[in-house]
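One structure below.
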Amino acid sequence: MKRKNLVYIGNHLRSSAKNPTYSMRLISRLEADGFSVVASSSHNNKLLRLLDMWMTVFRHRKSCDYLLIDTYSTLNFYYAIIIGWWARRFKIAYIPVLHGGNLPDRIKSSPKKLKKYCQGAHLVVSPSAYLADQFEQAGLGSVEVIANAIDLERYRPAADKAFAPTLVWLRAFLPLYNPQLALQAFQRIQLKFPTATLTMAGPGDPQILEECQILAAQHKLNVSFLGKIDQTQWIALGQKAAVFLNTSTADNQPLSVIEAQAMGLPVVSTKVGGMPFLISEGVNGYLVSKNDPEAMAAAVMRILNSESTYKSMSEKALARAQEHAWPLILEKWKSILN
């Protein structure tokens, strides 16, 4: 079979070298399987990034079999729309790869742009059935679901982990992820479990991080703030935790939640976007309304009050994570690219 030549337009920033983005991990596996992949862009500057993306597409327009385009809901949305337009001009078969829980808002705010973009594509891929359903309901065509993948072996739960009221939160300190909700819920949890701890890690807005630190200090909460951490640190942290908190106001299929499940952590999350496709209520975690610290605290305490409940949910979380093993997901990618 002839080797396929791919161009992947997405987030390949040099700053992500220590914590590779999902697309970077996918590229490395495709290359190991015999695909030729050219990636763009690694520029932090927005204008240079767009120019580099366009130049990459232009240079490889005749040799490219498929052009993969990471498609987000914020500023990067326009990169995808622009590159998709040029792909149609150059008659390149392109595949939008949908990301971001706020993409349904784009369906409402940019319907014409999305319609041209999706209907001109060779195929549209989504990591979650949630986004696929949203796009199909909007009449944007059928969407192939290929879930996000992780290295299950890296996230194996610690065999000697003791059951303790240890909570962890890992996202970015941004309004989208509502870190304040984790602290508000933990304030209620600590009243019932005085030895409980919460570790919050991730990059983000320094002002929001400072607000969270002030809130924790005011209420004398047992909270540690670690800032941005790498995968090794995250695994060490997750393997010691009992419950993972996800407080997003919108979401798709976050890798941090899948990784937490692979470490055997029940997940208590806001019921937004694609989260109901990852979390089965009362089976491997709980889903609560946005901005409801009482409900989030109550769900966490249901887990912490019963070691048997925790163990059952931990086993179910592990089973759910099995569906995201790289060999399984890579086969799905190969089937559409070949």
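The values are calculated or read from the model by the stated rules, or taken from the named source; none is laboratory data. For clarity, every value in this text was computed on a predicted model and none was experimentally measured. All Cβ positions, even for glycine, are placed from backbone atoms using ideal geometry, and neighbour counts span all protein chains on display. With ligands, DNA and RNA removed, areas are computed over all heavy atoms of the protein, side chains included. Shrake-Rupley method; radii C 1.70, N 1.55, O 1.52, S 1.80 Å.
Within the stretch 120-223, which trypsin sites (Lys or Arg not before Pro) sit in a loop by DSSP and count at most 10 neighbouring Cβ atoms inside 10 Å?
Those that pass, being in a loop and sparsely packed, are 220.
Only bridges with both residues in the stretch 1-134 count here: give the DSSP antiparallel percent, nearest 5. If you can, show how the numbers build up before the last one.
Numbers: 0 of 15 bridges.
Counting only bridges with both partners in the stretch 1-134, antiparallel ones make up about 0 percent.
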If you take the square roots of the eigenvalues of the alpha-carbon gyration tensor of the stretch 191-299 and sort them as a ≥ b ≥ c, do you get rounded (a/c under 1.5), prolate (a/b over b/c) or oblate?
rounded
In a shell of Cβ-Cβ distance under 15 Å around residue 145, excluding residue 145 itself, what net charge do Lys and Arg (+1) and Asp and Glu (-1) give?
-4
Set 220/316; 4/108; 240/311 screened for pairs whose C-alpha atoms are more than 25 Å apart
220/316; 4/108
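Ranked by accessible surface with a 1.4 Å probe, highest first, in what order do 49, 3 come? If you can, show how the numbers build up before the last one.
Working: 49 30, 3 145 Å².
Putting 49, 3 in descending order of accessible area: 3, 49.
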Dipole of the chain (Lys/Arg Cβ +1, Asp/Glu Cβ -1, origin at the Cα centre): which of 57, 148, 265 lies farthest to the positive side?
57
How about the stretch 52-100: which trypsin sites (Lys or Arg not before Pro) there are in a DSSP loop, with at most 14 other Cβ atoms within 10 Å of their Cβ?
62, 91
With a 1.4 Å probe and every protein chain left in place, tell me how much accessible area residue 90 has, in Å² to the nearest 10.
50 Å²
From the Cα gyration tensor of the stretch 111-249, with a ≥ b ≥ c the square roots of its eigenvalues, which class applies: rounded if a/c is under 1.5, or else prolate if a/b is larger than b/c, or else oblate?
prolate
Restraint check, 46/332; 62/116; 46/113; 46/334, Cα-Cα greater than 29 Å:
46/332; 46/334
Accessible surface ranking that places the most exposed of 43, 219, 99, 324 first, with a 1.4 angstrom probe
219, 43, 99, 324
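Would you tally the net charge around residue 201, using a Cβ to Cβ cut-off of less than 12 Å, leaving residue 201 out, and scoring K and R as +1, D and E as -1?
Values: positive: 171, 228; negative: 230.
Once positives and negatives cancel, what remains is +1.
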Charge context of residue 5, other residues only, Cβ under 14 angstrom, K/R +1, D/E -1:
+3
Within the stretch 227-260, list the residues whose amide N lies under 13 Å from a label point set 7 Å along Cα→Cβ of residue 291.
249-250
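Looking at the square roots a ≥ b ≥ c of the eigenvalues of the Cα gyration tensor of the stretch 259-325, which shape do they give, rounded for a/c under 1.5, prolate if a/b is larger than b/c, or oblate? All intermediate terms of the calculation are to be shown ahead of the outcome.
Values: a/c = 2.50, a/b = 1.19, b/c = 2.10.
Oblate is the answer for the stretch 259-325, as a/c is 1.5 or above yet b/c matches or exceeds a/b.
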At what distance in nm do the modelled label points of residue 136 and residue 337 sit from each other, each positioned 7 Å from its Cα along Cα→Cβ?
2.5 nm
